[in-house]
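Report on one structure; see the data block that follows.
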Amino acid sequence: MRLEQLQAFLAIAQTGSFQQAARKCSVTQSTISRQIQALEADLGIELFHRTNHAKLTLGGERLLPRARKICQEWQTATEELADLIAGKQPELCIAAIHSLCSSYLPPVLQKFCHDYPDVQLRVTSLGSDRALKVLKDGLVDLAIVMNNRFLTTGREMVVEVLYDEPIEVLTAANHPLAQYEYIPWSELIRYPQVVFKDGYGMQRLIQDRFERLEAKLQAVLEVNTLDAFRGVVRQGELIALLPHSALIEAGCDPTLAVRPLASNNTILPESSSLTRRVVMVTTQDRLQIPPIKHFWELVRENIPLQFDQERSAS
């Protein structure tokens, strides 16, 4: 069974004539006749009484509503795909790590909404692992996350490196570590920490570094929002290791202190530099859709630039 056979069937049912149906479908009458004969052969039943007026048989009457529904669904599908190719999608869904949602991403979101006012932009703040999972599940169109090569491999995946940023130490303003201009690892490991929950790239990054240093990470509290980190650390006892972009607001808070890690350490042999890489990820097919491609380009043009300008100013 072919779609054009069902379309020919509907045209005959509507006009009551093979000749008029051929004119309606812009084909010859012999073509229409062959299409109906082939359809009847596939179904094993005659669909029309061959008289001066093409009247539906009982089988034709049963097929008619189904054929209408199939052809309508096909028309709807082709229209939706044409709209998708033309960039007329109803919404664009983004998953991004918390620090970007509160720092570098807002100007990009505003610019996209100005450029595509008819596309509903939906942004969800998630940990990196969760964001990549919902991308693979097709629940979002694009993810901006901490790089995880185990979750971003695959021929269909497109990965754009945005920037590398240092991991810094957040403490209360009166915490003993706040006295250091650069905090040594040998001092850092002495204090209990508040960390991200399991499944967050930052939690895995810090745990891995402590293991390589053969030091124990005193993770006494797990949270998953930047507000929670600031609120807990402000109490004075706990510290946190967080990326630079997550500490922009904290740097303006007189009750908190942000300090970089020391660049070398004579007590612990492991290099003490600690950074994370932020990447943007989507799939090859999504990058062909105009609104998604436009958002991708806006991020490429603006977020690394903002980060570089901020580092130069500091």
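The values are calculated or read from the model by the stated rules, or taken from the named source; none is laboratory data. Nothing here was measured: the structure is a model prediction, and the numbers come from that model. Positions of Cβ are backbone-derived with ideal geometry, glycine not excepted, and every protein chain shown enters the neighbour counts. Surface accessibility is based on the protein's heavy atoms, side chains included, excluding ligands, DNA and RNA. Shrake-Rupley method; radii C 1.70, N 1.55, O 1.52, S 1.80 Å.
At a Cα cut-off below 25 Å, give the lysines reachable from residue 133, other chains included and same-chain residues fewer than 8 away excluded. Once the sequence-local lysines are set aside, what remains near residue 133 is 197, 293. Taking 131, 240, 13 as the candidate residues, the one with maximal mean-square fluctuation in a Gaussian network model of the chain, Cα springs under 10 Å, is 13. FRET efficiency for the pair residue 220 and residue 179, taken as 1/(1 + (r/R0)^6) with r the Cβ-Cβ distance and R0 = 30 Å, rounds to 0.85. The chymotrypsin sites (Phe, Trp or Tyr not before Pro) of region 171-201 that meet both conditions, a loop assignment by DSSP and at most 16 other Cβ atoms within 10 Å of the site Cβ, are 182. Label sites at residue 255 and residue 57, each approximated as a point 7 angstrom past Cα along Cα to Cβ, lie 8.4 nm apart.
For the pair residue 139 and residue 227 in one chain, pulling the backbone fully straight at 0.36 nm per residue adds 29.0 nm over the alpha carbon distance. Comparing 44, 199, 231 in a Gaussian network model of the chain where C-alpha atoms under 10 Å apart are linked, the largest mean-square fluctuation is found at 44. In a fully extended conformation the segment linking residue 86 and residue 30 would gain 16.5 nm over its present Cα-Cα distance, using 0.36 nm per residue. Among the GluC sites (Glu not before Pro) in region 109-190, those located in a DSSP loop and surrounded by at most 14 other Cβ atoms within 10 Å of their own Cβ are 156, 181.
Counting only residues at least eight positions apart within a chain, or on another chain, the aspartates and glutamates with an alpha carbon under 16 Å from that of residue 55 are 40, 46. Among 177, 100, 47, the residue with the largest mean-square fluctuation in a Gaussian network model of the chain, with springs joining Cα atoms closer than 10 Å, is 47. So for the pair residue 234, residue 114, with labels modelled 7 Å out along Cα→Cβ, what separation do we get in nm? With each label point 7 Å from Cα toward Cβ, the separation is 3.3 nm. Ligands, DNA and RNA are left out, and with a 1.4 angstrom probe the accessible area of region 37-156 is 61 Å² per residue. Taking the centroid of alpha carbons for each part, region 125-141 and region 185-221 are 25 Å apart. Here the label points at residue 191 and residue 301, each 7 Å from Cα along the C-beta direction, are separated by 4.2 nm in the simple model.
Checking every one of the trypsin sites (Lys or Arg not before Pro) in region 75-176 against DSSP loop status and a limit of 11 other Cβ atoms within 10 Å picks out 155. Coupling constants for region 250-261 follow from the phi torsions by the Karplus curve (6.51 cos²θ - 1.76 cosθ + 1.60, θ = phi - 60°), and in residue order they are 4, x, 9, 9, x, 8, 10, 10, 10, 10, x, 7 Hz; glycine and proline get x.
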